[in-house]
């Protein structure tokens, strides 16, 4: 047996791989140290931004300022950063009202306690906050169309602001390549029609997973950045890059595009794992996305590029809270071989079109449907998770495991060989493979 360790919640899990398995590569995101003086780092970034003048100079001729923050579904440590930003603005002489806008996209509106907690329970009489519903048309104003035909509906309260300061995080994203940057404006502060059209630019019939690609190669990223440019006034970016412990390891600030690209360069160099070629098996841990199944699937989607077509992705998911959120397993499950046969008949373009013609599906469900079916067509996915085995009550036999050796035997049966090439992604929830010779 060959011993390998993966991150597993706050601990590590030891794997005993079959002796004949050949490990091509073993990697993880860089274990970057947390910024020791977060307040000092934030203020320094605001005073020495990328591509623009210091924030204290930017606010001098402004009367209407908005702070845009992402919502509770994102890992950004807003509660720590927001008070630092307000302190900086007050010290720089800002005495006017400050409006906080939550960038929800199509996520549900946040509750009053959630909004207060998100902002670190910060108390300032001059700060008010607003949480909109993307489907309430009266909150938005039509601003035109992008070159790709996306109708641009933007939040009126954000349009009114002469300056918007954006607090978010740059992390790998399966459609836009990376999050952060202008995504806080579109889809963050855009209406449902805008979000829907932009999200359906990707995936495409040709390529459904663009995680980790440079922004210039993502049609979705280019479209949302053009839509965000329809906002009048100025934008000032304040984005973190987090280490695997979800602590700020770096901060970028300044121009909406150039500061974002600087952050992407840092993220790619630290969270991209070099892989010499696609392997028969990819073994991944969902860490640090270990809370539930909804987060845990990132340990599969993030690493797929390291697996050859027809290969097996094995994901170790701790899923401490089991099944939470909208993702559930069916009581009765159609065998994967039968599903794959059908999917190969209709081919990638047929799957792409199917996800768009089914009536009544929200845009986020259409994306998940397309992504999931394309994955099933190309790979077998096996999951090790005692917690999910316990809570699924047998709904996914042959796919969910709580016994490592039975899991590895199943992978060999699928491949029809006992000497596969293997790539190990020790923290797949926070990293992605960079395969040699591929973009």
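Please work out if residue 319 is closer than 23 Å to residue 410 by Cβ, touching a residue at least 40 places away in the same chain (Cβ under 8 Å), in contact with a helix residue (DSSP H, G or I) (Cβ under 6 Å, 6 or more places away or on another chain) and not in a loop (DSSP other than H, G, I, E, B).
Values: closer than 23 Å to residue 410 by Cβ: yes; touching a residue at least 40 places away in the same chain (Cβ under 8 Å): yes; in contact with a helix residue (DSSP H, G or I) (Cβ under 6 Å, 6 or more places away or on another chain): yes; not in a loop (DSSP other than H, G, I, E, B): no.
When the stated conditions are applied, residue 319 does not pass them.
Looking at 239, 250 in this structure, which one is assigned to a strand (DSSP E or B), within 16 Å of the chain's Cα centre (by Cα) and modelled with pLDDT of 95 or more? Lay out the reasoning, then the answer.
Working: 250 fails: within 16 Å of the chain's Cα centre (by Cα).
239 is the lone residue from the list that is assigned to a strand (DSSP E or B), within 16 Å of the chain's Cα centre (by Cα) and modelled with pLDDT of 95 or more.
Inspect all residues belonging to the range 59-73 and state whether any of them is surrounded by 15 or more Cβ atoms within 10 Å (Cβ to Cβ), assigned to a helix (DSSP H, G or I) and at pLDDT 95 or above.
Yes, because at least one residue in the range 59-73 is surrounded by 15 or more Cβ atoms within 10 Å (Cβ to Cβ), assigned to a helix (DSSP H, G or I) and at pLDDT 95 or above.
Can you find even one residue in the range 223-244 that is touching a residue at least 12 places away in the same chain (Cβ under 8 Å), within 29 Å of residue 318 (Cβ to Cβ), out of contact with any helix residue (DSSP H, G or I) (no Cβ under 6 Å at 6 or more places or on another chain) and surrounded by fewer than 20 Cβ atoms within 10 Å (Cβ to Cβ)?
no
Give the number of residues within the range 1-20 that are surrounded by 15 or more Cβ atoms within 10 Å (Cβ to Cβ) and assigned to a strand (DSSP E or B). Explain how you work it out, then say what you get.
Filtering the range 1-20 for residues surrounded by 15 or more Cβ atoms within 10 Å (Cβ to Cβ) gives 4, 6-9, 13, 15, 17-18.
Going one step further and asking which of them are assigned to a strand (DSSP E or B), we end up with 4, 6-8, 13, 15, 17.
Going through the range 1-20 one residue at a time, the tally reaches 7.
Within the range 22-53, count every residue that is out of contact with any helix residue (DSSP H, G or I) (no Cβ under 8 Å at 6 or more places or on another chain), in a loop (DSSP other than H, G, I, E, B) and either closer than 27 Å to residue 245 by Cβ or in the same structural domain as residue 317 (by TED's automatic domain parsing) (or both).
7
How many of the residues in the range 217-236 are at pLDDT 95 or above, under 23 Å from residue 200 (Cα atoms), part of a loop (DSSP other than H, G, I, E, B) and touching a strand residue (DSSP E or B) at 6+ places or on another chain (Cβ under 8 Å)?
Number satisfying all stated conditions: 2.
So residue 198 clears everything in (1) at pLDDT 95 or above; (2) crowded, with 20+ Cβ neighbours inside 10 Å except one condition, right? Which one?
Against the list (1) at pLDDT 95 or above; (2) crowded, with 20+ Cβ neighbours inside 10 Å, residue 198 comes up short only on (1).
Please pick out the residue among 90, 56 that is without any contact (Cβ under 8 Å) to a residue 60 or more places away in the chain, surrounded by 15 or more Cβ atoms within 10 Å (Cβ to Cβ), not in a loop (DSSP other than H, G, I, E, B) and not assigned by TED's automatic domain parsing to the domain that holds residue 409. Before you say what the answer is, go through the steps one by one.
Numbers: 90 fails: surrounded by 15 or more Cβ atoms within 10 Å (Cβ to Cβ).
Among 90, 56, only 56 is without any contact (Cβ under 8 Å) to a residue 60 or more places away in the chain, surrounded by 15 or more Cβ atoms within 10 Å (Cβ to Cβ), not in a loop (DSSP other than H, G, I, E, B) and not assigned by TED's automatic domain parsing to the domain that holds residue 409.
Being surrounded by fewer than 16 Cβ atoms within 10 Å (Cβ to Cβ) and within 24 Å of the chain's Cα centre (by Cα) is the filter here, so list the residues in the range 31-40 that pass it. Before the answer, list the steps.
Of the range 31-40, the ones surrounded by fewer than 16 Cβ atoms within 10 Å (Cβ to Cβ) are 31, 33-34, 36-37, 39-40.
Matches in the range 31-40: 31, 33, 34.
Can you confirm whether the range 260-281 contains a residue that is under 26 Å from residue 317 (Cβ atoms), assigned by TED's automatic domain parsing to the domain that holds residue 307 and without any contact (Cβ under 8 Å) to a residue 40 or more places away in the chain?
no
Working carefully through the options 180, 168, find the one that is touching a residue at least 12 places away in the same chain (Cβ under 8 Å), in the same structural domain as residue 230 (by TED's automatic domain parsing), surrounded by 20 or more Cβ atoms within 10 Å (Cβ to Cβ) and over 21 Å from residue 59 (Cβ atoms).
Details: 168 fails: over 21 Å from residue 59 (Cβ atoms).
Of the residues listed, the single one that is touching a residue at least 12 places away in the same chain (Cβ under 8 Å), in the same structural domain as residue 230 (by TED's automatic domain parsing), surrounded by 20 or more Cβ atoms within 10 Å (Cβ to Cβ) and over 21 Å from residue 59 (Cβ atoms) is 180.
The values are calculated or read from the model by the stated rules, or taken from the named source; none is laboratory data. The structure displayed is predicted, hence computed values, not measured ones. Using ideal geometry, Cβ is built from the backbone for each residue, glycine included, and neighbour counts are taken over all protein chains shown.
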